[in-house]
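Asks: Next up is a structure, given as structure tokens.
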């Protein structure tokens, strides 16, 4: 009897040591266990082991499932790496919860818990090329060897479900890069991001069987996503070849502004002044040089994020800067002071373009056309 007491005490002590400081537990293990890198120590990621903030969970020929204290569930598939950047949760203070995960490589499936349901703005899932903003839902993300990210929105389905549309619920996620944003809000919608400097591809719906959904391991992009990637590359090439750089520099607007100014002051102008034409040409050259400088993406530029390939046309005068974009059926346009600091988001359909005016500051202007 005493021997069993000693064994039970040892087991309880081991569990207490394992879960000390834990924010979650490995609740599923298939094939070989993962490894957990914690500071300078490597631990076996077997079922029942606790995970902590700043842990790096890495798998090889097996996969593990992690359940966090708020019931967020994350499945780390084969040959994948997940880093737990931040986790704060107190059921008595739901608004104070925070979750930040870094999907470094491989495929990870995510299912929202209490933090995302109570305060979705406090959940950030990062890959090398994108940030995923979660509004309480399931999704999977795959990061390939070059860092490109494939994201698929999944329905949240009960055990034994039959029909996705009838039995399941689908949330919303935003996939964000420095160049744009797309929203996934339909079951099995997907997007791919190859670089933070490029916008995500437009959402497409991929075909997945129930078995594939339950055992998702993405090795190559689905065919629907491959087509969207090719279309994006084609659109970028067409835009680059057909680009009118004089138009992007807004020379026509500069000339129109100068002509208007001349008409307003023609009764006061001494046209016998021999320096008049030279002065006008000097003004035009200075204005044109200033506008052309918009294409120089430096941190100190007037529009440091400006890219002509986004379809945004920039117009500058002495006092203001105007950003306009025509997607073929709608026109989005905004004007701010030339010395202002503002961040502008122009959304047309599934495409969002971000531009900062000067440093961007704390002023945010959002224009949205569905």
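None of the figures in this text is laboratory data; all of them are computed from the coordinates on show. Worth saying up front: this structure is predicted, and the values here are computed from it rather than measured. Ideal geometry is used to build each Cβ from the backbone, glycine not excepted, and the neighbour counts take in all protein chains shown.
Asks: Is any residue of region 103-145 close enough, with backbone N under 20 Å, to a label point placed 7 angstrom from the Cα of residue 88 along the Cα-Cβ axis, and if so, which?
Replies: Counting backbone N atoms under 20 Å from the label point, the list is 113-126, 132-136.
Asks: Additional query: Tell me, what is the FRET efficiency for residue 333 and residue 100 to the nearest 0.05, using R0 = 35 angstrom and their Cβ-Cβ distance as r?
Replies: Plugging the Cβ-Cβ distance into 1/(1 + (r/R0)^6) gives 0.45.
Asks: Further question: What spacing in nm lies between the two simple spin-label points modelled at residue 41 and residue 145, each 7 Å away from Cα in the Cβ direction?
Replies: 3.5
Asks: What is the gain in length, in nm to one decimal, between residue 362 and residue 322 on full extension, counting 0.36 nm per residue of separation less the C-alpha to C-alpha distance?
Replies: Difference between extended and current length: 12.5 nm.
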